[in-house]
Structures are given as structure tokens and as C-alpha cells.
Amino acid sequence: MPYENSLEFAQQCDANDSLKSFRDRFYIPQHNGKDCVYLVGNSLGLQPKSTRSFVEQELTDWQNLGVEGHFDQSATRPWFHYHKFLKPYLADLAGAKELEVVSMNSLTTNLHLMMVSFYQPTAKRYKIITEAGAFPSDQYALETQINFHANRGGERLFDPKDALIELQPRTGEETLRTEDILATIEKHQDELALVMMAGVQYYTGQLFDIAAITKKGHDCGALVGFDLAHAFGNVPLQLHEDGVDFAVWCSYKYLNSGPGSVSGVFVHERHSRNPDLPRFAGWWGHDESQRFQMRKGFIPMEGADAWQLSNVNVLPSAAHLASLEIFGEAGIQALRKKSVFLTGYMEFLLNELNADEEKIQIITPQDPNQRGAQLSLCVSHGGKELFNKLSANGVLADWREPNVIRVAAVPMYNSYVDVWNFVNLLGSLL
Ligand SMILES: Cc1ncc(COP(=O)(O)O)c(C=O)c1O
């Protein structure tokens, strides 16, 4: 269906949207008594109306059962097993087996835990490939992991200065070409230990070709991991089939599970039966059937569960479960189908604004297969002022230094009229 630049067209799309009822399942922040245009679900997703009852359920069990809430038959969801209630949904979103996923900790913590196991540099094979401008927390994790290993035991294993290879776009381009990513992996194949990249890049919104990167990394003798903070719940994933070694994500962006809520990890089944993998362990990763025997000697659980350190963060996990149930109802394939059309509509309207002269540059790839819900808009002059004016008028976007406004039309709760209102306001401000 061709797009049209009119409010009536946007209203018609909303009327025809098979997912439209999901918007009512969320609280939309208000501006002057009306719904904001909330385009920052890529930063902090909205609160499902069901979250409170899921959290209250656990508060009630705690109130009534105290410590017995861990196992008691009368607990709604006994806390000892709480992480398991989330697994079917996470497996579905990750394209994984249930044993390959678990929710725990926070994202950066999990990235370090994964690197303890999957970044095992030697004097010859020690390099890591990542995208230039990776999210700072990932940069710090990679940098400190490299430094940690470079001088192990007081002896220099390798030079940390050339251990990190950062993929740069070609001159005059904003995003990476898959062919260049693959060529760089191949070029460094004799020294490469790990390819560790974003699934969707936080700044540009580029969705990388996870399958191709993983295959090339493996062909070149490296392990391959992804930070899926901006991909999980945004685009369908098939981590098992793609053969990814490990992945980490957070649940507070597209997964709508609340600020700082619990993170998730994927570890491919092929690693789950390897008890010799180095890891930092805790009692919740220890064989569940013997956990309370309190004995020496770590026996890993099968699968991703072996990486758990601590007993479950039940209250944030309850918020997570509330949201995941909604994903289960909506279905990631249906969400993606709407997302492609909705983001395409935003792009179409922005291009109309640019018809006479380019006022806004969209740096996110035009190809829907290379992006999720986010578009990154580069504003050469006065971008911050423009962003502030959008906020003052009830359009919540986000600003990323030095000159990008990020907007994400989230198919779960954003409407076509949201998108139309945003671009219409932007046009008047420009
Ligand atoms: C791509 C990416 N990686 C890592 C992080 C850090 O997450 P956390 O603070 O949950 O460790 C974020 C946070 O927004 C992110 O967007």
C-alpha cells in the first residue's frame, strides 16, 4: 500500500491495525492532559498496566508466606523457580531453546560474565572486532577485559593497544557495509579471538547481519557474541540457528520491564554441555538438585542457567514477566510486520519534509532488513534546540551527542497518528 502524507491516511492505518488494542495495555505519559507522542521505547519502554498486579502478587506472597514463598505450594509462582516462568517467552524472542536462555543480573554484568567464558586470548589469537562507537559500557567492558588478560600473572601475553579492532564506515558513509565487516574478520583471522558486536547499533539504528557475521567469525576460528540491547523485542531473532555463541540484552527498552530491570543471556547449546569452560560461578548456577546441600565443588547446571550467580531478583522479574506475557499474545512476527510498515511511514513523511532541501538526514539504513524500529536523525545545526522544542510540545524523543535525535515508533503501542503528529510538529519547528 503506498503511503500518503495526511492525517486521514494515518487514522485509516490505525483503524486497520490488527495490533491496535495493545496500546491500551500501556500507560502513556501525559502532556497537557493528552497522550505524549512517546518515541523513546528504545530507551525506556512504557509500563504495561498489568505490571503492578504481577509485582503486587509477589509482595502479597512475601507478606503472607515470608521465606516459605520460595517453595510453598500456596505461592503463586515459587521464587526458587521464578526465572523459569520467563524462559518460554525469552526463548521465543531469542529464537532459542529454553535451556539456552536465562534472565539474570544487568546487561554489563552479563557481558563481563560471558567474556570470562568466551574471551580466552592467547599470545597469537587475542584480538576482538567490534563496531566503532559501540555503546560506552561495552567499550569499557571490552577495554578492561583486554587489559585484564594482556598482563596476566605479571607477564605480557599480548599488546593491549592493538587488541581491539573497531569497524569504521567508509568515508562519507554513516553505517557499516556487511561486506566490509566480513572482509575485516577475514583479514584478522589468524589473530582473532572474538567478534563482539551490537545486534542493532544504538546510535545509528543499523541492524547487523547476525547470521553472516557469526558464520564468518566461526570460519575464521573466532567466537561470536552480540549485545542485543536494541534488538531484543524489536526484531525477530534466531540465535540458535545462526549459531551465535552468546548474547546479552536488557529488558527495559523494547521489553517494557521497567528501569534497570533484569537482563538476559543466551548461550548456545553447544557450550552448555562443556563443564570445562572457565566461568565465574555462584550458587544459583550450581546443580539445582544439590544446591541446598551446601557442599564444596561447583557442579554447573545444564545450559545458560549455569551462569546464574545469585538467587532470582523476583520483583523486577515479575515486572519482566508481565511484559513478556504481552509479547506472547502479540507475537514478535506480527509486531515486526507492523514495525516495518510504521517505520517506513515515518521515513516517508520525513522524506516529504526534505523534498525541497535536506533539513534532516536519516543516518539509519533505508533497507528495512538493516534496521528495526529506530530512525536516527542527524541535524547539522541547532539539533539540541529542536529536540528541546519537541519535548516542550509533548513529543518525547532522545538526544545523543554530538548531533543525533533518535526516534523509535514501537509497534506494540505507537500509532500511525503518533508518527504523523511527530513529523507534522517537526516540520513546523523547522
Ligand atoms: C547497547 C547497550 N549496551 C549496554 C548498555 C548498558 O546497560 P546496563 O546499564 O543495563 O548494563 C546499554 C544501555 O542503554 C545499551 O544501550
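Read the figures in this text as sums done on the coordinates, not as results from a lab. Computed from a predicted structure; not experimentally measured. With ideal geometry, Cβ positions are generated from the backbone for all residues, glycine too; neighbour counts draw on all protein chains shown.
Taking only the alpha carbons of segment 44-119, we obtain Rg and Dmax values of 15.4, 45 Å in that order. For LEU223, the residues whose amide H sits under 5 Å from its own are LEU194, VAL195, ignoring neighbours fewer than 5 places away on the same chain, with H placed 1.01 Å from N.
Between LYS337 and SER310, the FRET efficiency estimated from the beta carbon spacing at R0 = 51 angstrom works out to 0.85. Kirkwood hydrodynamic radius of segment 226-278, from the reciprocal of the average inverse Cα-Cα distance over all distinct pairs: 12.1 Å. At q = 0.13 Å⁻¹, what log₁₀ I(q)/I(0) does a Debye calculation on the Cα points of segment 209-350 give, no solvent, two decimals? Per q value, in the given order, log10 I(q)/I(0) is -0.73. Between amide H atoms placed 1.01 Å from N, distances below 5 Å from MET104 occur with SER263, GLY264, VAL265, all of them 5 or more places distant or on a separate chain. Full extension of the segment from ARG152 to ASN388, taken as 0.36 nm per residue of separation minus the current Cα-Cα distance, would add 80.1 nm.
Cβ-Cβ distance of GLN189 and LYS215, R₀ of 22 Å, FRET efficiency by 1/(1 + (r/R0)^6): the value works out to about 0.95.
Contact order, relative form, for the chain: 23 percent (alpha carbon pairs under 8 Å, 6 or more residues apart, mean separation divided by residue count). Annotation for segment 353-387 versus segment 224-302: alpha-carbon center distance of 35 Å. Potential lengthening of the chain between ALA355 and TRP62 amounts to 99.5 nm, from the contour at 0.36 nm per residue minus the alpha-carbon distance. Placing +1 on the Cβ of every Lys and Arg and -1 on the Cβ of every Asp and Glu, with no other charges, gives segment 58-328 a dipole of roughly 560 debye about its Cα centre. Arranged from fewest to most other beta-carbon atoms within 10 Å of their beta carbon, LEU39, LEU192 become LEU192, LEU39.
Distances between every pair of Cα atoms in segment 58-328, grouped in 10 Å steps from 0 to the bin holding the largest one, split as 7, 29, 34, 20, 8, 2, 0 percent.
Computing Rg and the Kirkwood Rh from the Cα coordinates of segment 1-73 gives a ratio, Rg/Rh, of 1.21. Arranged from fewest to most other beta-carbon atoms within 10 Å of their beta carbon, ILE213, ILE299 become ILE299, ILE213.
Computing FRET efficiency as 1/(1 + (r/R0)^6) for SER137 and ASN403, where r is the C-beta to C-beta distance and R0 is 25 Å, gives about 0.70. Take the Cα of ASP276, step 7 Å toward its Cβ, do the same at THR122, and the gap between the two points is 1.3 nm.
Report the extension gain between THR171 and PHE292 in nm, rounded to one decimal, defined as 0.36 nm multiplied by the number of residues separating them, less their alpha carbon distance.
37.7 nm
Annotation: aspartates and glutamates with alpha-carbon distance below 15 angstrom to LYS296 (same-chain offsets under eight excluded): ASP287, GLU288.
Placing +1 on the Cβ of every Lys and Arg and -1 on the Cβ of every Asp and Glu, with nothing else charged, gives segment 376-430 a dipole about its Cα centre of roughly 60 debye. For LYS97, the aspartates and glutamates whose Cα falls under 17 Å of its own Cα, not counting residues fewer than eight places away in the same chain, are GLU241, ASP242, ASP245, GLU269, GLU302, ASP305. Beyond 31 Å in Cα-Cα separation lie the following of the pairs LYS161/LYS215; LYS216/LYS384; LYS84/LYS187; LYS216/LYS359: LYS216/LYS384; LYS84/LYS187; LYS216/LYS359.
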